[in-house]
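Note sheet for the following structure.
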Amino acid sequence: MRNFILLLFSLTAICSSPRCIAQQSDDFDDPLGIGLLVFTFSEGQSFDLYRLNDDGTVSNYPFTTIVVSQGEMSLRPVASNEKEWKMFVMYEEWDLYHCICYRKMDEQGYYVIEFGDGIQCCISQDIGQFYDWISYLRVVGNSVYRPDPATNQLRKSADEEGISIESKIKKGEHSLRPVQIQGEWIQVNLYEADCEDSKSFASGWIKWRDDGELLIRISYIC
């Protein structure tokens, strides 16, 4: 049986549903950013967030400090009046803390993320591990699935007019494992079940996004 983790942009809600949906933000050019940051936190760890100025520079002083604790929420800003950090995935039981990355500032050593209501801020590249979307789906995620296969059919090519091969595969739930991304399309190999090492029995293309909306859901745990 699959276990699915909540995809969200809120630190105040913890996932309790087995199948969850990623919400989008309108504060950036691309709500899905360039990839994701994956964090591994330890008790008592603290780190600073810096504002990204309008001219693209990073402020010299942090506007808030995040402290990791085992309270009701795992992460709290030191300044209680600050907005909460928006997470893409947060599930404490499995130590999953992921957030969308909107820009890499390699020369300065920062990633640009969203904190609170549309606040662009910078976090040190020493804090999280960056994955572009295809690496994230292949390495961090275990498999993907489509909430509505009828409107997002498996096709022979990465094209709306591509031949549907939906009728040629066995009915039922299958493990779809990402291979490569081509624009709004992703190639997947099909397996009988998650975490199964058997040979793939089919391959095709599905849409993984439509502008800033995520059309697939991600399984992280076998």
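The values are calculated or read from the model by the stated rules, or taken from the named source; none is laboratory data. This one's a predicted model, so the numbers in the text were calculated from it and none came from an experiment. Counting neighbours? That spans all protein chains shown, and the Cβs are built from the backbone with ideal geometry, glycine included.
If the condition is being buried (at least 18 other Cβ atoms within 10 Å of the Cβ) and either hydrophobic (A, V, I, L, M, F, W, C) or free of Cβ contacts under 8 Å to residues at least 60 places away in the same chain (or both), then the range 191-222 contributes Tyr191, Gly204, Trp205, Ile206, Lys207, Trp208, Leu214, Leu215, Ile216, Ile218.
Counting just the residues of the range 160-215 that are assigned to a helix (DSSP H, G or I) and modelled with pLDDT of 80 or more, which one comes out nearest to Ser135 (Cα to Cα)?
Our first condition is that a residue be assigned to a helix (DSSP H, G or I); within the range 160-215, this holds for 166-168.
So of that shortlist, the ones also modelled with pLDDT of 80 or more come out as 166-167.
Details: Glu166: 26, Ser167: 29 Å.
Filtering the range 160-215 for residues that are assigned to a helix (DSSP H, G or I) and modelled with pLDDT of 80 or more, the one nearest to Ser135 (Cα to Cα) comes out as Glu166.
Consider the range 142-180 and keep the residues that are surrounded by 19 or more Cβ atoms within 10 Å (Cβ to Cβ) and not polar (S, T, N, Q). The one that is farthest from Tyr91 (Cα to Cα) is Arg155.
Of everything listed in (1) over 16 Å from Val112 (Cα atoms); (2) modelled with pLDDT of 85 or more; (3) among the basic types (Lys, Arg), the single unmet condition for Arg51 is (1). Please go through the range 105-118 and give me each residue that is of a type in the set (D, E, K, R), modelled with pLDDT of 90 or more and buried (at least 17 other Cβ atoms within 10 Å of the Cβ), ordered by number. None - no residue of the range 105-118 is of a type in the set (D, E, K, R), modelled with pLDDT of 90 or more and buried (at least 17 other Cβ atoms within 10 Å of the Cβ), so the list stays empty. The number of residues in the range 84-111 that are touching a residue at least 40 places away in the same chain (Cβ under 8 Å) and over 22 Å from Val139 (Cα atoms) comes to 6. Of everything listed in (1) of a type outside the set (Asp, Glu); (2) at pLDDT 90 or above; (3) closer than 26 Å to Trp94 by Cβ; (4) touching a Lys or Arg at 6+ places or on another chain (Cβ under 7 Å), the single unmet condition for Ile218 is (4). Annotation note: Cβ proximity below 8 Å between a residue of the range 133-148 that is under 10 Å from Pro178 (Cα atoms) and a residue that is part of a helix (DSSP H, G or I) (sequence gap 6+ or interchain) occurs for Val144/Leu137.
Mind checking which strands (runs of 3 or more DSSP E) fall wholly inside the range 28-68 and carry at least 1 residues that are surrounded by fewer than 19 Cβ atoms within 10 Å (Cβ to Cβ) and of a type in the set (Asp, Glu)? Write out each step before concluding.
Values: elements: 35-39, 46-51, 64-68.
The qualifying strands (runs of 3 or more DSSP E) are 46-51.
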